[in-house]
Amino acid sequence: KFKDQSDSTYEFQFSMGLPTYGITDREVPLTIVIIGEMLDTTRLKNQLEMIQFT
């Protein structure tokens, strides 16, 4: 959800070098899933928290 459009939920996917996104009309939990190798999870968490509070 975006702060300026809190009634809409967006789905994002980045796979095989191609981003896709759209608005979903389903009631789903607000969850982020990141899959990859050698990820710096601490850095990712910190950056996501910074985005949330800006």
*asked:* Can you report the number of residues in the range 5-20 which are exposed (fewer than 10 other Cβ atoms within 10 Å of the Cβ) and of a type outside the set (Gly, Ala, Ser)?
replied: 6
*Has the range 24-46 got at least one residue that is at pLDDT below 85, in a helix (DSSP H, G or I) and among the β-branched types (Val, Ile, Thr)?*
no
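Within the range 19-54, can you find the residues that are of a type in the set (Val, Ile, Thr) and either in contact with a Lys or Arg (Cβ under 7 Å, 6 or more places away or on another chain) or closer than 20 Å to SER8 by Cα (or both)? First the steps, then the outcome.
Filtering the range 19-54 for residues of a type in the set (Val, Ile, Thr) gives 20, 23-24, 28, 31-35, 41-42, 51, 54.
THR20, ILE23, THR24, VAL28, THR31, ILE32, VAL33, ILE51, THR54, listed by residue number.
The values are calculated or read from the model by the stated rules, or taken from the named source; none is laboratory data. Note that the structure is a prediction, hence the values are computed from the model and not measured. No Cβ is skipped: glycine too gets one built from the backbone with ideal geometry, and neighbour counts run over all protein chains shown.
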